[in-house]
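Computed from the coordinates by the stated procedures, all read-outs in this text should not be read as laboratory data. Please read these numbers as outputs of a predicted model, since none were measured by experiment. Here Cβ is always computed from backbone atoms with ideal geometry, including for glycine, and neighbour counts include all displayed protein chains.
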Amino acid sequence: MKVQGNQFLSIEQLQDQYFNRNRQQSAALTSDGRSFQDILTGKTDSAKEAEEIKFSKHAANRLVDRNIELTKDQVERLNQGAAKAGAKGINESLVIVDSLAFIVNVPNHTVITAMDQTETNENVFTNIDGAVIM
């Protein structure tokens, strides 16, 4: 039923206007020619890259105090360990890389503390809900 000569639209007209499945929806483009989907995809990709592990002030001080220097390979494995912990739903993880132990807050991608083999002589770690050995 089409209502003519009235300021109101009929249900059919509204359906045609908002739910027309045959109509091609044109993507609104930004001034640089990218669609919202392109921008969103770029943001999520950069967020994944930005998930590289950070060191808290406490952890950075522990690294300096204990003369621990990490190689690129060790940092990469630490990132991989934190990612594995996150995939398993772990929040506070012990990540062991070579003879180094790190307590990582996985949701924040932040190392809370770091220690070497001489500091872990008791082998007791508290306030963690998972461990990853790399």
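Each label was represented as a point 7 Å from its Cα along the Cα-to-Cβ direction; for Phe125 and Phe19 these points are 5.5 nm apart. For region 59-125, the dipole from Cβ point charges (+1 on Lys and Arg, -1 on Asp and Glu) about the Cα centre works out to 280 debye, to the nearest 20. Highest mean first, the peptides 78-85, 100-107 sorted by other C-beta atoms within 10 Å per residue fall in the order 100-107, 78-85.
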